[in-house]
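This report refers to the structure that appears directly beneath it.
The values are calculated or read from the model by the stated rules, or taken from the named source; none is laboratory data. Fair warning: this is a prediction, and the values are worked out from it, not measured in the lab. Cβ coordinates were reconstructed from backbone atoms using ideal geometry, including for glycine residues, and neighbour counts include every protein chain displayed. Accessible surface is based on the protein model in full, side chains and every heavy atom, while ligands, DNA and RNA are left aside. Shrake-Rupley method; radii C 1.70, N 1.55, O 1.52, S 1.80 Å.
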Amino acid sequence: MSKITTELLLERAVPRSTRLRKIETLNLSKLQLKTGDLDPRLFSRLRHLQKLDLSDNLLDKFPSSLTLPDLRVLNCNNNKLEDVTALKQFPLLEELTYENNVYLTLNDDYKVMFLLQNLRLLNGKDITKLANHVRRVNSNKLTSKVTAHWKKFFRDQLPEKYTAEQVKSIKKKFLKSVQTNVVCGPSSLSEFTRWRVKMIAEEFLANSLGLELNSDTESEEKPDENEEESTESPREAAEDVAQVVTPSKRKRNHSKSSPGNKRSKTQTNTKEEAEEDVSAEPLHFLQCHSKGNSREDFKTQLWSCVFEPVLDSGARKDPIVSSSRTVATCGGESVCLIDCETGTVLKKYKVATEEFFSVAWTTLTMVISDSRKKAHNILAAAGRRGIVKLIHVAADFCYGEIKAHKKPIATVCFSPTQETHLFTASYDKRIALWDIGIPDCDYNFKASQLLVLETASIPLRIALVPTCPEQYLLAGCEDGCFAWNIKLDKGQKSRPFEAIFQFPGEESLTTSHRVDGLAFLNDDVVVSKSSKPGCIYLWSWSKSFDAKGKGCQRTMSAVILAELEWSTTDMSYLTLSTCPAKEYVFCGDEKGSVWMYNLSTYTTAWGSPKGKRSERRISPTQILKWPELRVNGEQPPEILVNNVVADPAFTYLVVLTSVNITAIWKKS
């Protein structure tokens, strides 16, 4: 890898130079440069540099103090830039290009137009008129709205004589409120708007009221800067990003159950239901995601699991034979492949600075060394760092990564019809569709972003509509359940949601509940779980969604088919799953139990044109109780079931817990 030295700078000057201070044009393209290679001490000697070419490198950001006071033209094409705000250090910049930086969006274009007052050309286009509008008209509108918001909701909250604590409290509340409620322009520019609103609000408080904000602002930004070093779980990440306050839930000190209670292997509710007992027996209890392989680790949370497709089974056609007994699980810094029958950990993939939240499989037809084509299973894994790792499992090789988001990725899923299409849902309030491409025999591949779905709140679970997986996507979010049109023949690359679904007890968006569980039971029946205690709804997609309606962001009432009886806990993020081929729903609870619902006797009636809602809640067919386990003579701490998944034939049931234990049950 090339490193920047004085000799290199003199050699790459146009024309070549003998002194750094004489260089006016410099070409540093195609040198595989990373951000750390741009030494501010060396660049500070380029006092008269006017044109700089940094294209075709590996830069993810700019150092904040390059000190190029005379820079007029900058080329950053084909890099990995994530942020443009550091470009404000070049106030005389007139021409800027940063095409083919996949993480930059329209919002970044607007940011540089505001920050660089002399900018005339952006990516080869004259932006003079638009930039003036952004700097003046847009800023004036937002300033008026910010000022009005303060006067209407906050001015009277600040007493005539106030303490430092009162000032700190009012600042925090105002900044949060104003970024949430002040809107201007299209939803595709919502990130830019929030960025400007925060800036204007800080200036307003500092200038008009004399409230200094610098110290608080810096402390608020630090978590993002050090995001890679964080070990937050998805619950904590949601609380940080969305300011969802649930610390007591994380401590789990509100439960009435005792970890010392003896629990049987299975429990049924009634004598009639006992006849439907699936006779599932616990097979293995594994502690394979321990940090540093420590046997004392009962804190690592396990989040996601999915069964591997069988390559020669025609998996996309026959769900019963679409998976093997091998399951991929993730949690903490590792992804594991487990043989459910033997309990053997077949492979383990670790990233020391990562916390994995989600995994998904796809099958790609790849060209092998002798030019023959062969199908291979590829595993995508993502989490806290916002990066998708692509793993060729048979070769035991992570061949690439996609830096998909700047915030943690909550969940990922592949399209069932387009094997290279991957959806990533992130805490940055976006769902992105990627084409991951097909790697060649040397594992070279090219990923591209096809679509960005803007969400009103953090997306937690996503599901493609089975009857039209290339047209509609559902997402359970912090503020409700939403739907998007994802058809790629539409011109709009960044799209707002098309519909929000309203459930019983939700009169408006302000009363909507967090939807932390979402899956399809069959082609039409949706199963969703909300933060409303004990609430799992089954509802009809076709009867709820009005495809003929025009416009976006419409509110539609979910046509409820039934409600499932479940735990009365108010704890969130205990997700559900379905086994469509066997018409089962599974959901774990806060006591280590798995609630199972066999709905085969209901689906026919629900599917009829006159299908009516089941009047009473449907009880679980069976509840699998957590066995009495002892590790080193002691029971593990209180157990939450974060996720539970069955293979398509419902032979194995994999249970992921909050205490670093993977439980595997087998139907006998």
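Values for this structure:
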{"item": "Qualifying residue in the range 163-179 (condition: among the aromatic types (Phe, Trp, Tyr), at pLDDT 85 or above and open to solvent by 60 Å² or more (accessible area, probe 1.4 Å))", "result": "no"}
{"item": "Subset of the range 384-401 (residues that are part of a loop (DSSP other than H, G, I, E, B) and touching a residue at least 24 places away in the same chain (Cβ under 8 Å))", "result": "384, 385, 386, 393, 396"}
{"item": "Selection within the range 10-39 - open to solvent by 20 Å² or more (accessible area, probe 1.4 Å) and closer than 11 Å to residue 53 by Cβ", "result": "12, 14, 25, 27, 30"}
{"item": "Within the range 559-668, strands (runs of 3 or more DSSP E) holding 2 or more residues that are of a type in the set (Asp, Glu)", "result": "559-565"}
{"item": "Every residue from the range 584-599 that is open to solvent by 10 Å² or more (accessible area, probe 1.4 Å) and in contact with a strand residue (DSSP E or B) (Cβ under 7 Å, 6 or more places away or on another chain)", "result": "584, 595, 598"}
{"item": "Scan of the range 438-462 for residues that are closer than 22 Å to residue 190 by Cβ, assigned to a loop (DSSP other than H, G, I, E, B) and open to solvent by less than 50 Å² (accessible area, probe 1.4 Å), ordered by number", "result": "455, 457, 458"}
{"item": "Selection from the range 40-59 of residues that are surrounded by fewer than 15 Cβ atoms within 10 Å (Cβ to Cβ) and closer than 14 Å to residue 86 by Cβ", "result": "40"}
{"item": "Pairs with Cβ under 7 Å, 6+ apart, first in the range 402-419 and farther than 16 Å from residue 361 by Cβ, second among the hydrophobic types (A, V, I, L, M, F, W, C) and open to solvent by 40 Å² or more (accessible area, probe 1.4 Å)", "result": "407/241"}
{"item": "Residue match in the range 144-157 (condition: open to solvent by less than 60 Å² (accessible area, probe 1.4 Å), under 24 Å from residue 406 (Cβ atoms) and either within 34 Å of the chain's Cα centre (by Cα) or in the same structural domain as residue 84 (by the TED database) (or both))", "result": "no"}
{"item": "Selection count where residues are small (Gly, Ala, Ser) and part of a loop (DSSP other than H, G, I, E, B), scope the range 121-175", "result": "1"}
{"item": "Qualifying residue in the range 590-599 (condition: of a type in the set (Ser, Thr, Tyr) and more than 18 Å from residue 280 (Cα to Cα))", "result": "no"}
{"item": "Residue in the range 545-553 that is assigned by the TED database to the domain that holds residue 608 and in a strand (DSSP E or B) present", "result": "no"}
{"item": "Residue within the range 634-643 that is out of contact with any Leu (no Cβ under 6 Å at 6 or more places or on another chain), in the same structural domain as residue 654 (by the TED database) and over 25 Å from residue 294 (Cα atoms) present", "result": "no"}
{"item": "Selection status of residue 97, surrounded by fewer than 20 Cβ atoms within 10 Å (Cβ to Cβ), of a type in the set (Val, Ile, Thr) and touching a residue at least 24 places away in the same chain (Cβ under 8 Å)", "result": "yes"}
